[in-house]
Amino acid sequence: MAAQGGEGPADLVRLAADLLEGGEGAGAPLVGLAEDLPEEGMGAGRALARLAPEILGRAADLGAPLAFAHMDPPTLPVAQAVTWWNAVLNQNLLHPDTSPAARAAEARAVAWLAPYFGMDGGHMLPGSTLANLTALWAARDLRGVRRVVASGSAHLSVAKAAHILGLEFEAVATDAADRLDVAAAGRLTDACLVLTAGTTSSGAIDPLGIAVRRRTHAAWVHVDAAWAGPLRLSRRHGAALDGIEDADSVAVSAHKLALPAQGERARALSRDGGGAWGAELRRRLSRRAEYRRAGFTWGGRGRAASEPDGPWSGGDRGTDRPGDGAGRDACGSAHRHRRGDSLCHASHWGGALAA
């Protein structure tokens, strides 16, 4: 067994790494943890050593040579390191004074990635399920859609989101290549058409682009690109998603192709959020936390209760919204444009990118 050493943060991290690299627990008897919470603790080091057989010894090895990694791949070392930073710093993106660096990093990442999808703003969510939900929420509240139409191979989160939002869900037949049969979709003037870019079962990409909208007259077009979205960054395969920029919203996740750790990987981005419909969307979907009207001092810096913050900004009055992220007052005018003037909807990359 790895030496337990001290109980300081560095000691515990070294111990955890030793246990992981040493394969502690592999093949050890699995006696299980006590059913009742122990009355006395054993110390952090002993607890890690005790947990190693139960966690490290029994976890799925996604990096094994024969692991198919269909749903979740192994993680890159850099993703592991940054995830550790995140756990240590424990930043709260609700307020600029508790997460100034994290909010600025989020805004920069969005600014880097949004143009690949024809968008110009957005924020992160914990996963593409919430990204799909957010996009359909926007379609319902902004365009008044009453139905959600998707292929029979669409991810189950689409039907779940429709149910949560009180929208009728209709599955459309697919062709021989598992792509949505656009002709079978019919006229969708009261519906949100969800196109899948990378079906879970086969990786098929539904027809994308303005031609689909013109044929269906869909009130809102959403692309669920949780599976194939990262292809847009590929010089070789990016063209497979040509037409995605014509959608009203897009969900993208990196957890299948970009090897991040589980966690923040979803985004919602916008191409035209600064226009009239963007302002209306913010009006409809923003929430204010009245209990945060008073001025606060965080980390030695205070803000007056009267200091303005826009909807979705995460300023002093706070906002209650899914996936709170960087706000307008977090990192300057460029950030204010992307977060305050964009359709701020969309966990390391999965997201609803809304145009």
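Where a number appears in this text, it was derived from the coordinates with a stated rule and is not lab data. In this text the structure is predicted, and so the values were computed from the model without any measurement. With ideal geometry, Cβ positions are generated from the backbone for all residues, glycine too; neighbour counts draw on all protein chains shown.
So what is the relative contact order of the stretch 205-262, in percent, for Cα pairs below 8 Å that sit 6 or more residues apart?
Values: 70 pairs, mean separation 24.3, N = 58.
Once divided by the residue count of the stretch 205-262, the mean separation gives 42 percent.
Using only the Cα atoms of the stretch 35-105, what are the Rg and Dmax in Å?
17.5, 46
When a footprinting reagent is the concern and you count Cβ atoms within 10 Å, what order do Glu245, Glu21, Glu35, Glu106 take, fewest first? Walk me through the intermediate numbers first.
Details: Glu245 20, Glu21 9, Glu35 5, Glu106 23.
The most exposed by this proxy come first: Glu35, Glu21, Glu245, Glu106.
Based on the alpha-carbon gyration tensor of the stretch 94-134, what equivalent-ellipsoid semi-axes (square roots of 5 times the eigenvalues) come out, in whole Å, largest first? The partial results should precede the final answer.
On the way: eigenvalues 77, 48, 9 Å².
The three semi-axes for the stretch 94-134 are 20, 15, 7 Å.
Give the distance, in whole Å, between the Cα centre of the stretch 70-130 and the Cα centre of the stretch 132-197.
27 Å
Enumerate the whole-percent occupancy of each 5 Å bin, from 0 to the last occupied one, for all C-alpha pair distances of the stretch 154-266.
Whole-percent P(r) values from 0 Å outward: 2, 12, 21, 25, 21, 12, 6, 2, 0.
Taking Rh as the Kirkwood radius, which is the inverse of the mean 1/r over Cα pairs, what is the Rg/Rh value for the stretch 58-161? Numbers along the way, then the final one.
Details: Rg = 17.9 Å, Rh = 17.3 Å.
We get a ratio of 1.03 for the stretch 58-161.
Would you mind checking the radius of gyration and Dmax of the stretch 44-84 based on alpha-carbon positions, in Å?
12.8, 35
Can you give me the relative contact order of the stretch 56-156 as a percent, contacts being Cα pairs under 8 Å and 6 or more apart? Don't skip to the end; give the middle numbers.
Values: 33 pairs, mean separation 9.5, N = 101.
The normalised contact order for the stretch 56-156 reaches 9 percent.
Over the Cα atoms of the stretch 100-223, what is the Rg over Rh ratio if Rh follows Kirkwood?
On the way: Rg = 15.2 Å, Rh = 15.2 Å.
On the Cα set of the stretch 100-223, Rg over Rh gives 1.00.
Find, among the trypsin sites (Lys or Arg not before Pro) in the stretch 187-261, those assigned to loop by DSSP (not H, G, I, E, B) with at most 14 other beta-carbon atoms within 10 angstrom. If you can, show how the numbers build up before the last one.
On the way: sites: Arg187, Arg213, Arg214, Arg215, Arg232, Arg235, Arg236, Lys256; in loops: Arg187, Arg235, Arg236, Lys256.
Answer in residue order: Arg187, Arg235, Arg236.
Name the long-range amide H neighbours of Gly122: under 5 Å, sequence gap of 5 or more, or other chain; modelled H, no Pro or chain starts.
Ser270
Can you give the Rg to Rh ratio for the stretch 109-161, taking only C-alpha atoms and Rh from Kirkwood?
Values: Rg = 12.8 Å, Rh = 12.6 Å.
Dividing the radius of gyration by the Kirkwood radius yields 1.01.
At 0.36 nm per residue, and after removing the present C-alpha to C-alpha distance, how many nm does the segment from Ala240 to Val78 gain when stretched out fully? The partial results should precede the final answer.
Details: separation 162, 0.36 × 162 = 58.32 nm, distance 2.80 nm.
So the chain would gain 55.5 nm between Ala240 and Val78.
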